[in-house]
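Engineer: Here's a structure for you.
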Amino acid sequence: MNKMLKQLHHQGKIWSADQVKNVVEIIDSGYQELNQHLNGGLPRQGVIEVQTINGIGELRLFLPYLFNLLQAELAQQQQSRQIVFIAPPAQVNALMLLQASIPLDNLLIISSQKPEESLWAAEQCLKSGCCFAVLLWQQLLAVHQVKRLKQAAMTGSAVQIIFRSPHSVDLALPVSLSVALEAQPTGIKVKVKKQLGGWPCKPFVVNMHKQWPSLTSATDSTSDGVISNVVVPLSSRQRFKHVAKTTDTQRISAN
Amino acid sequence: MLWLYIDFPSLQLDCLQADTSVSTVTERSYCNDQAIVIVDSKKNCIVQLNESARAKGIQQGMGLGMAASLTHELCVVPYQMAEEEAYLLTLAEQLYSVTASIALFPPHGLALKVGDMLQLYQHLTAYIEIINTVLASFNLKRNLACGYSVMSAQLLACAGVNLITTDQNIMTKKSADLSIEQLFITDKAKNSLARLGIKTLAQLQALPVKELTKRLDSNTMEYLAQLKGQTDKSLQFYQPKHLFEHSVELLYEMINLDFLLQPIKQLLALLEVFLLRRDYVCLQLEFHLYHRIDGISHVLQQSLVINSATGEYLSAQWLKLVSLKLSSIKLHAPITKVNLLVQHFQSNTGEINDIFLGKRGQLSFAQLASLLANKLGDEKVLCLQQGNDHRAELASCYRPFINCSTNKINRNNNHTGIATSKNVGARNTDSSATYSVDKQLLRPSFILAEPEPLLSNIRVLHGPERISTAWWEQSKDKTTIQSFNGEATNGNEPIAEHGYQRDYFVAKNSQGQCCWVYRELNNQWYIHGYFS
């Protein structure tokens with residue numbers, strides 16, 4: 001190996017195929033498509049970056065994974081460790097977690113407003129060793145911050161999932177897995193941006209119709225044609241006159 | 001009965017110096033050559049002074065003016081008897097672990113009943129050695145003297161005689177040389193004895209008692225009898241309190257919170273010993289910080305309450321929490337005194353850890369939660385609970401973790417998983433009770449605290465589902481709703497908090513976001529949550 005190559009290898013900038021063995025344990029994500037494209041599932045340790053807008057099913061994508069993590073924990077020891085939600089975009093609903101069979105005893109919510117507080121809390125939770133998953137909603141992330149989180153996740157054998165909006169500054173962060181999500185009628189379109197120890201793949205659609213029949217449609221047909229169930233909030237437009245200019249095209253009111 | 005009397009001639013001064021000696025290095029070097037005197041403001045004389053003050057020619061009993069003229073760099077501290085007494089109690093508390101009967105002689109003396117303890121320690125030297133090791137950590141100037149009566153031991157120790165012996169002859173020989181000025185009798189009695197030409201104790205004791213009773217009052221005669229051991233003095237023995245209260249007075253006013261950690265560390269170390277001896281843990285510490293206002297040296301500035309979700313006794317763990325708490329507070333004025341108060345204790349039941357799996361991280365969950373709560377504030381570290389209501393915003397609620405954690409710890413300790421009947425009862429009344437989960441119910445994963453007006457087009461997937469307030473709650477707010485209906489055009493009206501009737505829909509907007517929207521009676525549309 002020449003000197004330059006050796007140096008790059010030493011810095012960890014080159015990934016060689018024999019590192020596959022070191023890749024951490026994989027947990028079933030609960031979705032067939034996801035397992036197929038991600039070498040069998042999501043990592044049990046490390047940092048997962050999710051670029052998504054809120055409310056398209058990004059949490060639903062991870063709920064079965066969290067449940068499987070919990071089961072794996074319980075299989076190893078009687079008591080399970082905790083899940084921590086840090087700075088969620090709105091109040092977390094208990095019913096959602098209970099429907100996903102995640103007990104509320106295993107949950108801690110930290111409603112910090114300042115980003116630095118959130119990061120501090122995330123690091124503390126990860127390295128404490130009593131949390132197995134930390135979900136963080138955070139917009140701005142620097143490389144060194146992710147490195148610290150990764151180190152903390154290794155210490156506490158936990159996974160860190162970071163939700164960010166898709167238009168955030170796209171640095172090459174040292175995460176274990178980075179995915180970008182997009183809404184689809186049948187579920188979610190997943191674009192794998194980075195995967196530790198995996199091959200690049202084309203964007204694919206995760207079908208959620210089986211798990212969530214009422215929130216997704218069975219077929220891929222974008223049923224914009226069905227006009228009878230489109231609501232244009234006429235009254236609220238009247239109330240907020242200053243925003244009324246924007247949506248004047250489809251004026252089919254429910255009243 | 002053999003007694004040991006310990007006199008601390010410069011208790012307040014030694015405390016002051018002990019507090020500062022553990023402070024930062026820069027302060028210590030400044031402190032070492034600083035002449036400190038403690039002045040009794042009533043008598044205007046110096047009662048305690050350190051070595052460097054003595055080197056500059058200052059003597060005990062001197063007036064403040066004279067002392068000030070001897071050196072220009074003089075640190076003057078007013079004498080505070082209450083403080084000495086408080087410190088004396090601390091010493092008694094420490095000694096209580098090695099010796100049983102401790103009589104307090106405020107402000108700066110302790111009498112220990114040695115006779116009983118010799119059965120345990122066999123020999124006097126062994127006993128003294130133990131006492132000295134306990135006192136060594138305080139670094140106090142002290143005189144120890146033995147006597148066969150409390151008063152004779154006190155007399156020797158206060159006269160500055162160090163005498164460790166069981167031999168009565170040596171004791172009498174030593175005390176015989178003492179002048180009557182050193183006796184604990186009134187000045188009037190001393191005068192009348194001086195007029196008789198009696199200068200030493202030996203001369204006094206040579207006189208027959210009958211002769212003396214004619215010339216001295218009854219109190220003095222009683223004292224002399226106690227000195228000989230003929231009558232017993234009624235003594236108040238130390239009883240340990242079920243409370244931890246200690247304070248550290250700072251020689252320098254501290255504005256830097258990092259420096260403040262040093263005295264706090266001292267207090268926590270004391271607390272650790274206190275808790276360890278009793279096998280207790282505590283859940284809450286109260287720190288009181290004092291500052292100076294208009295010459296009054298200790299005025300309460302602020303109190304810090306530090307909670308831990310799990311019972312702790314280790315000072316290192318507490319220090320971590322305290323330093324986090326300190327990082328979030330602001331001082332208005334320099335601190336002159338720190339006080340620590342712990343009122344409630346729990347017996348240390350210990351955590352149940354699997355011996356084979358062991359602890360994985362450094363912290364337990366409760367420790368982590370208290371760490372977070374102390375840094376971010378109790379209101380930001382929350383746990384989720386179900387509520388018994390059909391309205392989504394009330395069916396799930398946040399609660400500060402610290403408030404519901406005791407419940408949780410009990411459950412964790414209950415390792416077998418069999419809830420006792422008492423536990424079940426407690427949980428039903430508590431809002432942490434679990435209700436049945438309807439798997440079919442469509443509810444959003446995130447609920448907005450304040451519903452937002454719907455501004456974009458949506459495509460309805462499901463609905464409507466009518467949710468209205470129960471009639472008994474609605475009746476209260478009926479008027480509000482009606483008035484709200486009437487003024488539908490005026491959109492700035494706040495939404496009625498309690499009474500409402502809403503038709504909920506699950507809908508998708510153009511971005512593909514799955515929203516939980518509702519229509520009010522007056523056809524106003526709002527977003528209430530998102531299906532993430």
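The values are calculated or read from the model by the stated rules, or taken from the named source; none is laboratory data. Bear in mind that the values here come from a model prediction, so they are computed numbers and not experimental data. As a convention, Cβ positions derive from the backbone with ideal geometry for all residues, glycine included, and neighbour counts pool all protein chains shown.
Engineer: Looking at B:105, B:138 in this structure, which one is touching a residue at least 12 places away in the same chain (Cβ under 8 Å), out of contact with any Ser or Thr (no Cβ under 6 Å at 6 or more places or on another chain) and either surrounded by fewer than 17 Cβ atoms within 10 Å (Cβ to Cβ) or in the same structural domain as residue B:340 (by TED's automatic domain parsing) (or both)?
Structural biologist: Criteria check complete, one pass: B:138.
Engineer: Now, a different point. Within region A:12-24, is there a residue that is assigned to a strand (DSSP E or B), within 19 Å of the chain's Cα centre (by Cα) and in the same structural domain as residue A:164 (by TED's automatic domain parsing)?
Structural biologist: Going residue by residue through region A:12-24, those that are assigned to a strand (DSSP E or B) are none.
No: region A:12-24 contains no residue that is assigned to a strand (DSSP E or B), within 19 Å of the chain's Cα centre (by Cα) and in the same structural domain as residue A:164 (by TED's automatic domain parsing).
Engineer: Out of all the residues in region A:111-134, is one or more away from every other protein chain (no Cβ under 14 Å) and under 26 Å from residue B:365 (Cβ atoms)?
Structural biologist: no
Engineer: Which one of the conditions (1) buried (at least 17 other Cβ atoms within 10 Å of the Cβ); (2) within 36 Å of the chain's Cα centre (by Cα) does residue B:76 fail to meet, given that it meets all the rest?
Structural biologist: For residue B:76, the exception is condition (1).
Engineer: Which residue is farthest from residue B:277 (Cα to Cα), if the candidates are limited to region B:45-67 and must be among the hydrophobic types (A, V, I, L, M, F, W, C) and surrounded by fewer than 16 Cβ atoms within 10 Å (Cβ to Cβ)?
Structural biologist: B:66
Engineer: In this structure, is residue A:138 within 15 Å of the chain's Cα centre (by Cα), touching a residue at least 12 places away in the same chain (Cβ under 8 Å) and away from chain B (no Cβ under 14 Å)?
Structural biologist: Values: within 15 Å of the chain's Cα centre (by Cα): yes; touching a residue at least 12 places away in the same chain (Cβ under 8 Å): yes; away from chain B (no Cβ under 14 Å): yes.
Yes, satisfied.
Engineer: Given the condition assigned to a helix (DSSP H, G or I), within 19 Å of residue B:317 (Cβ to Cβ) and either acidic (Asp, Glu) or at pLDDT 80 or above (or both), answer yes or no: does some residue in region B:277-288 qualify? Write out each step before concluding.
Structural biologist: Taking region B:277-288 as the starting set, the residues that turn out to be assigned to a helix (DSSP H, G or I) are B:277-278.
This time we only want the ones that are within 19 Å of residue B:317 (Cβ to Cβ), so: B:277-278.
After this cut, where a residue has to be either acidic (Asp, Glu) or at pLDDT 80 or above (or both) as well, the list is B:277-278.
Checked region B:277-288: at least one residue is assigned to a helix (DSSP H, G or I), within 19 Å of residue B:317 (Cβ to Cβ) and either acidic (Asp, Glu) or at pLDDT 80 or above (or both).
Engineer: Here's a follow-up. Looking at A:99, A:51, A:45, A:82, which is the one that is under 22 Å from the mean Cα position of the chain (by Cα), surrounded by 19 or more Cβ atoms within 10 Å (Cβ to Cβ) and within 11 Å of chain B (Cβ to nearest Cβ)?
Structural biologist: Details: A:99 fails: surrounded by 19 or more Cβ atoms within 10 Å (Cβ to Cβ); A:51 fails: within 11 Å of chain B (Cβ to nearest Cβ); A:45 fails: within 11 Å of chain B (Cβ to nearest Cβ).
Matching residue, one of A:99, A:51, A:45, A:82: A:82.
Engineer: Restricting to region B:506-519, give me the number of residues that are more than 7 Å from chain A (Cβ to nearest Cβ) and out of contact with any Phe, Trp or Tyr (no Cβ under 7 Å at 6 or more places or on another chain).
Structural biologist: 3
Engineer: Taking residue B:525 as the residue in question, decide whether it is at pLDDT 85 or above, among the hydrophobic types (A, V, I, L, M, F, W, C) and under 18 Å from residue B:395 (Cα atoms).
Structural biologist: Here the answer is no, as residue B:525 does not meet what is asked.
Engineer: Would a scan of region B:253-269 turn up a residue that is on the phi < 0 side of the Ramachandran plot, buried (at least 18 other Cβ atoms within 10 Å of the Cβ), in contact with a Phe, Trp or Tyr (Cβ under 6 Å, 6 or more places away or on another chain) and not assigned by TED's automatic domain parsing to the domain that holds residue B:102?
Structural biologist: Yes, because at least one residue in region B:253-269 is on the phi < 0 side of the Ramachandran plot, buried (at least 18 other Cβ atoms within 10 Å of the Cβ), in contact with a Phe, Trp or Tyr (Cβ under 6 Å, 6 or more places away or on another chain) and not assigned by TED's automatic domain parsing to the domain that holds residue B:102.
Engineer: Does at least one position in region B:155-172 carry a residue that is among the β-branched types (Val, Ile, Thr), buried (at least 20 other Cβ atoms within 10 Å of the Cβ) and free of Cβ contacts under 8 Å to residues at least 60 places away in the same chain?
Structural biologist: Within region B:155-172 (the criterion being among the β-branched types (Val, Ile, Thr), buried (at least 20 other Cβ atoms within 10 Å of the Cβ) and free of Cβ contacts under 8 Å to residues at least 60 places away in the same chain), the answer is no, since none of the residues qualifies.
Engineer: What are the residues in region B:387-404 that are over 26 Å from residue B:377 (Cβ atoms), of a type outside the set (Asp, Glu) and more than 10 Å from every other protein chain (Cβ to nearest Cβ), if any?
Structural biologist: B:388, B:390, B:391
Engineer: So, residue B:166, is that one in a loop (DSSP other than H, G, I, E, B), in the same structural domain as residue B:93 (by TED's automatic domain parsing) and among the hydroxyl-bearing types (Ser, Thr, Tyr) or not?
Structural biologist: yes
Engineer: Can you tell me how many residues in region A:195-209 are surrounded by fewer than 20 Cβ atoms within 10 Å (Cβ to Cβ) and not in a loop (DSSP other than H, G, I, E, B)?
Structural biologist: 4
Engineer: Here is a further query. Could you figure out which of (1) more than 21 Å from residue B:154 (Cβ to Cβ); (2) in contact (Cβ under 8 Å) with a residue 60 or more places away in the chain; (3) touching a strand residue (DSSP E or B) at 6+ places or on another chain (Cβ under 8 Å) isn't true of residue B:80?
Structural biologist: (3)
Engineer: Is it the case that residue B:145 is at pLDDT 85 or above, surrounded by 14 or more Cβ atoms within 10 Å (Cβ to Cβ) and either part of a helix (DSSP H, G or I) or of a type in the set (A, V, I, L, M) (or both)? Full working, then the answer.
Structural biologist: On the way: at pLDDT 85 or above: yes; surrounded by 14 or more Cβ atoms within 10 Å (Cβ to Cβ): yes; either part of a helix (DSSP H, G or I) or of a type in the set (A, V, I, L, M) (or both): yes.
So residue B:145 fits the description; yes.
Engineer: Next question, about the same structure. Within region A:138-156, can you find the residues that are of a type in the set (Gly, Ala, Ser) and either assigned to a helix (DSSP H, G or I) or under 20 Å from residue A:114 (Cα atoms) (or both)?
Structural biologist: A:142, A:152, A:153
Engineer: Residues that are at pLDDT 90 or above, assigned to a strand (DSSP E or B) and in contact with a Gly (Cβ under 8 Å, 6 or more places away or on another chain): does region A:92-99 have at least one?
Structural biologist: Within region A:92-99, not a single residue is at pLDDT 90 or above, assigned to a strand (DSSP E or B) and in contact with a Gly (Cβ under 8 Å, 6 or more places away or on another chain).
Every residue, every condition in (1) at pLDDT 85 or above; (2) over 17 Å from the mean Cα position of the chain (by Cα); (3) surrounded by 15 or more Cβ atoms within 10 Å (Cβ to Cβ), yes or no:
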position	(1), (2), (3)
A:162	yes, no, yes
A:168	no, no, no
A:179	yes, no, yes
A:193	yes, no, yes
A:213	no, yes, no
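Engineer: Report yes if residue B:500 is modelled with pLDDT of 85 or more, of a type in the set (Ser, Thr, Tyr) and under 52 Å from the mean Cα position of the chain (by Cα), otherwise no.
Structural biologist: Criteria not met by residue B:500.
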